[in-house]
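A.B. asks: Below is one structure. I have some questions about it.
The values are calculated or read from the model by the stated rules, or taken from the named source; none is laboratory data. Note that this is a predicted model, so its numbers are computed, not measured. Quick reminder, even Gly has a Cβ in these numbers, built from the backbone with ideal geometry, and neighbours come from all protein chains shown.
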Amino acid sequence: MRTQVAIIGGGPSGLLLSQILHLKGIDTVVLEKHSEEYVLGRIRAGVLEQGLVDILRAANVGARMDQVGQVHEGFEISHMNGCQRIDLEKLTGGKTVMVYGQTEITKDLYDARRKMDGKVITNAEDVALHDLETTSPSVTYKKDGVTQTIQCDYVAGCDGFHGVSRKSIPSDILREYEKVYPFGWLGILSETPPVSDELIYCQHDRGFALCSMRNENLSRYYVQCSLNDKVEEWSDERFWEELKRRLPESAADRIVTGPSIEKSIAPLRSFVAEPLSYGRLFLAGDAGHIVPPTGAKGLNLAASDIHYLSEALIAKYDSGEEQLLEQYSETALKRIWKAMRFSWWMTTLLHKFPENEGFGDRIQQTDIDYLFSSEAAQVSLAENYVGLPY
Ligand code: FAS
Ligand code: PHB
């Protein structure tokens, strides 16, 4: 088989790249190691920057988002001295975010790929990349026990943190920057009305909590938990009791609880791989970077990577121009590191750090006090949260 761009990974990054390139007449094949059902079973991000909203609409996959997605003009931060709203719309001169689950985006992308006869091969095992430093790279994979080969011009590594693509860059060339946080997020999904119309980020002495949602009858909640915790140790009752202890009193009094329909623990890390390209391989999304979900940047960073990479590939196939491809890694990393910084800052501001006793706790409280006494500080938070320009 031959294609122009072989895309490894059928998550949002890989599918979005495939959709955008297909619309420009560029041939792609997506290789996904799991089934579509498995991919759609993962509950991930919920908040979309305007940049991602625009890209989805331009790629003809924004219709359902525009029907059921919710535009949010602000969110609340609660802490020991009370609760304060961050008015995104006012602080950024009109910018907002969209609440629409990553699962829905991925479903919309799979449906769009199917409708356009896009080539998405699921259950593709043992994917391996070959001859990346030549002008004729290839990808091999096993499907139904038979090994297949795809000759291609370029390989897009969209296979997430645990994928094969980043590991295909020689170790003497790849540099990795990582910070692992001493806690995780225990998240649940419940078919209950959200406790508030807007998200509530809670900084509390017992640990961080977040109230989010997917729609008017599907709530998404998180509590900071120990890395040693196991999901089976957290009954629904224990989760709801702990969440209520971290919420502002008014929210704790009115929250509607119910059975969890999904419950999982995610570790938190900050991670960046450099460079994001090697020969004819280009990394995008979680394959190249991971942020703690506090700033809602993970999926949104994947979107800006795909914007830069698709623009570069379109320029190459349209006019033979290779400069954007050569600059892809540097261009993408500039925005990635800014989102990395913001996600680290928001995580540091809102979570309980065991080693923070005394001085660290006082600095954290002062950071919160400063945030709520300075419009300049709130403008900085708001412009990062709605998404810095591409
Ligand atoms: P993904 O990991 O989504 O997709 C990669 C795909 O590649 C997967 O389908 C995988 O099966 C496939 N793959 C892997 N190895 C392969 C191989 N060898 N061959 C073929 N296919 C292979 N972001 C937020 O903004 N907010 C959140 O609340 C949030 N919560 C998260 C919770 C968890 C548990 C995780 C892991 C991430 C979370 N994220 C969140 C970040 C998340 O949304 C990612 O940024 C987003 O999934 C990035 O999409 P992709 O780059 O497509 O990577
Ligand atoms: C979510 O709804 O899953 C969500 C929202 C905002 C975040 C993280 C996760 O910062």
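A.B. asks: Please verify whether the stretch 104-112 includes one or more residues that are over 30 Å from GLN70 (Cβ atoms) and either at pLDDT below 95 or not in a loop (DSSP other than H, G, I, E, B) (or both). Step through it out loud before you land on a result.
C.D. replies: Of all residues in the stretch 104-112, those over 30 Å from GLN70 (Cβ atoms) come to none.
No, that holds for no residue.
A.B. asks: May I pose another question? Within the stretch 220-271, restricting attention to residues that are part of a strand (DSSP E or B) and among the β-branched types (Val, Ile, Thr), which residue is nearest to ligand 1 (Cβ to nearest atom)?
C.D. replies: Filtering first and then ranking leaves ILE265.
A.B. asks: While we're looking at this one, here's another question. Could you tell me whether ILE150 is touching a residue at least 24 places away in the same chain (Cβ under 8 Å), farther than 30 Å from ARG214 by Cβ, more than 16 Å from ligand 2 (Cβ to nearest atom) and not in a strand (DSSP E or B)? Can you show your working first?
C.D. replies: Details: touching a residue at least 24 places away in the same chain (Cβ under 8 Å): yes; farther than 30 Å from ARG214 by Cβ: yes; more than 16 Å from ligand 2 (Cβ to nearest atom): yes; not in a strand (DSSP E or B): no.
It is false that ILE150 is touching a residue at least 24 places away in the same chain (Cβ under 8 Å), farther than 30 Å from ARG214 by Cβ, more than 16 Å from ligand 2 (Cβ to nearest atom) and not in a strand (DSSP E or B).
A.B. asks: Pick from the stretch 335-373 the residues that are in contact (Cβ under 8 Å) with a residue 40 or more places away in the chain and among the β-branched types (Val, Ile, Thr): which of them is farthest from ligand 1 (Cβ to nearest atom)?
C.D. replies: ILE368
A.B. asks: Looking only at the stretch 1-12, decide whether some residue is away from ligand 2 (no atom under 16 Å from the Cβ), more than 30 Å from LYS143 (Cα to Cα) and touching a residue at least 60 places away in the same chain (Cβ under 8 Å). Outline the logic, then answer.
C.D. replies: At the first step, the residues of the stretch 1-12 found to be away from ligand 2 (no atom under 16 Å from the Cβ) are 1-10.
Narrowing the set further to residues that are more than 30 Å from LYS143 (Cα to Cα) leaves none.
Within the stretch 1-12, not a single residue is away from ligand 2 (no atom under 16 Å from the Cβ), more than 30 Å from LYS143 (Cα to Cα) and touching a residue at least 60 places away in the same chain (Cβ under 8 Å).
A.B. asks: If you go through the stretch 353-361 one residue at a time, do you hit one that is outside any helix (DSSP H, G or I) and either under 30 Å from TYR154 (Cβ atoms) or of a type in the set (A, V, I, L, M, F, W, C) (or both)? Please lay out each step first, then the result.
C.D. replies: First, pick out the residues of the stretch 353-361 that are outside any helix (DSSP H, G or I): 353, 357-358.
Among the residues that remain, those that are also either under 30 Å from TYR154 (Cβ atoms) or of a type in the set (A, V, I, L, M, F, W, C) (or both) are: 353.
Checked the stretch 353-361: at least one residue is outside any helix (DSSP H, G or I) and either under 30 Å from TYR154 (Cβ atoms) or of a type in the set (A, V, I, L, M, F, W, C) (or both).
A.B. asks: For PHE282, all conditions in the list (1) closer than 30 Å to GLN151 by Cβ; (2) within 11 Å of ligand 1 (Cβ to nearest atom); (3) of a type in the set (Phe, Trp, Tyr) hold save one; what is the number of the exception?
C.D. replies: Unmet for PHE282, out of (1) closer than 30 Å to GLN151 by Cβ; (2) within 11 Å of ligand 1 (Cβ to nearest atom); (3) of a type in the set (Phe, Trp, Tyr): (2).
A.B. asks: Follow-up question, since we're still on this one. Among the listed residues TRP234, TRP240, which satisfies the condition of being over 15 Å from LYS352 (Cα atoms), away from ligand 2 (no atom under 16 Å from the Cβ) and either in contact (Cβ under 8 Å) with a residue 24 or more places away in the chain or under 18 Å from the mean Cα position of the chain (by Cα) (or both)? Before you say what the answer is, go through the steps one by one.
C.D. replies: Working: TRP240 fails: either in contact (Cβ under 8 Å) with a residue 24 or more places away in the chain or under 18 Å from the mean Cα position of the chain (by Cα) (or both).
When all the criteria are applied, what remains is TRP234.
A.B. asks: Please go through the stretch 186-197 and give me each residue that is surrounded by fewer than 22 Cβ atoms within 10 Å (Cβ to Cβ) and within 16 Å of ligand 1 (Cβ to nearest atom), ordered by number.
C.D. replies: Of the residues in the stretch 186-197, the ones surrounded by fewer than 22 Cβ atoms within 10 Å (Cβ to Cβ) are 189, 191-193, 196-197.
Within the stretch 186-197, LEU189 is the sole residue that qualifies.
A.B. asks: Looking at TYR177, TYR181, which one is in contact with an Asp or Glu (Cβ under 8 Å, 6 or more places away or on another chain) and assigned to a strand (DSSP E or B)? Spell out how you get there, then give the answer.
C.D. replies: Values: TYR181 fails: in contact with an Asp or Glu (Cβ under 8 Å, 6 or more places away or on another chain).
When all the criteria are applied, what remains is TYR177.
A.B. asks: On to the next question. Could you identify the single residue in ALA382, ALA312, ALA376 that is without any contact (Cβ under 8 Å) to a residue 40 or more places away in the chain, aliphatic (A, V, I, L, M) and surrounded by 17 or more Cβ atoms within 10 Å (Cβ to Cβ)? Show your work before the answer.
C.D. replies: Working: ALA382 fails: without any contact (Cβ under 8 Å) to a residue 40 or more places away in the chain; ALA376 fails: surrounded by 17 or more Cβ atoms within 10 Å (Cβ to Cβ).
Result: ALA312 is the single residue among ALA382, ALA312, ALA376 that is without any contact (Cβ under 8 Å) to a residue 40 or more places away in the chain, aliphatic (A, V, I, L, M) and surrounded by 17 or more Cβ atoms within 10 Å (Cβ to Cβ).
Per-residue answers, yes or no, for (1) within 19 Å of TYR308 (Cβ to Cβ); (2) surrounded by fewer than 19 Cβ atoms within 10 Å (Cβ to Cβ); (3) modelled with pLDDT under 95; (4) away from ligand 1 (no atom under 16 Å from the Cβ):
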residue	(1), (2), (3), (4)
SER18	yes, no, no, no
LYS24	yes, yes, no, yes
GLU32	no, no, no, no
GLY41	no, yes, yes, no
ARG44	no, yes, yes, no
ALA59	yes, no, no, no
ALA63	no, yes, no, yes
GLY69	no, no, no, no
GLY74	no, yes, no, yes
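A.B. asks: Another one. On the basis of being more than 21 Å from VAL47 (Cβ to Cβ) and touching a residue at least 40 places away in the same chain (Cβ under 8 Å), does LEU324 make the cut? Steps first, answer last, please.
C.D. replies: On the way: more than 21 Å from VAL47 (Cβ to Cβ): yes; touching a residue at least 40 places away in the same chain (Cβ under 8 Å): no.
Taking the combined requirement at face value, the residue does not satisfy it.
A.B. asks: Test GLY285 against the criterion of being in the same structural domain as GLN327 (by TED's automatic domain parsing) and more than 16 Å from ligand 2 (Cβ to nearest atom), and give yes or no.
C.D. replies: On the way: in the same structural domain as GLN327 (by TED's automatic domain parsing): yes; more than 16 Å from ligand 2 (Cβ to nearest atom): yes.
Here the answer is yes, as GLY285 does meet what is asked.
A.B. asks: If a residue has to be over 15 Å from TRP337 (Cα atoms) and among the aromatic types (Phe, Trp, Tyr) to count, how many in the stretch 261-301 make the cut?
C.D. replies: Summing the residues that are over 15 Å from TRP337 (Cα atoms) and among the aromatic types (Phe, Trp, Tyr) in the stretch 261-301 gives 2.
A.B. asks: From the residues in the stretch 60-90 that are part of a helix (DSSP H, G or I) and outside the structural domain of ALA302 (by TED's automatic domain parsing), which one is nearest to ASN300 (Cα to Cα)? Can you show your working first?
C.D. replies: Within the stretch 60-90, the first condition is being part of a helix (DSSP H, G or I), and the residues that meet it are 63-68, 88-90.
So of that shortlist, the ones also outside the structural domain of ALA302 (by TED's automatic domain parsing) come out as 88-90.
On the way: LEU88: 17, GLU89: 19, LYS90: 22 Å.
So, considering only residues that are part of a helix (DSSP H, G or I) and outside the structural domain of ALA302 (by TED's automatic domain parsing), the one nearest to ASN300 (Cα to Cα) is LEU88.
A.B. asks: Filter the stretch 289-330 for residues that are out of contact with any Ser or Thr (no Cβ under 6 Å at 6 or more places or on another chain), among the small types (Gly, Ala, Ser) and within 14 Å of ligand 2 (Cβ to nearest atom); which is farthest from LEU21 (Cα to Cα)?
C.D. replies: Looking at the filtered set, the residue picked out is ALA296.
A.B. asks: Then there's this: Just the residues that are surrounded by 12 or more Cβ atoms within 10 Å (Cβ to Cβ) and farther than 21 Å from PRO194 by Cβ, please, taken from the stretch 226-237.
C.D. replies: First, the residues of the stretch 226-237 that are surrounded by 12 or more Cβ atoms within 10 Å (Cβ to Cβ): 226-227, 229, 231, 233-234, 236.
SER226, LEU227, ASP229, VAL231, GLU233 - these are the residues of the stretch 226-237 that are surrounded by 12 or more Cβ atoms within 10 Å (Cβ to Cβ) and farther than 21 Å from PRO194 by Cβ.
A.B. asks: Among the residues of the stretch 289-301, is any closer than 29 Å to LEU227 by Cα, without any contact (Cβ under 8 Å) to a residue 40 or more places away in the chain and either within 16 Å of ligand 1 (Cβ to nearest atom) or part of a helix (DSSP H, G or I) (or both)? Walk me through it before giving the result.
C.D. replies: Filtering the stretch 289-301 for residues closer than 29 Å to LEU227 by Cα gives 289-301.
Of the ones still in play, those that are also without any contact (Cβ under 8 Å) to a residue 40 or more places away in the chain are 301.
Narrowing the set further to residues that are either within 16 Å of ligand 1 (Cβ to nearest atom) or part of a helix (DSSP H, G or I) (or both) leaves 301.
Taking every residue of the stretch 289-301 in turn, at least one turns out to be closer than 29 Å to LEU227 by Cα, without any contact (Cβ under 8 Å) to a residue 40 or more places away in the chain and either within 16 Å of ligand 1 (Cβ to nearest atom) or part of a helix (DSSP H, G or I) (or both).
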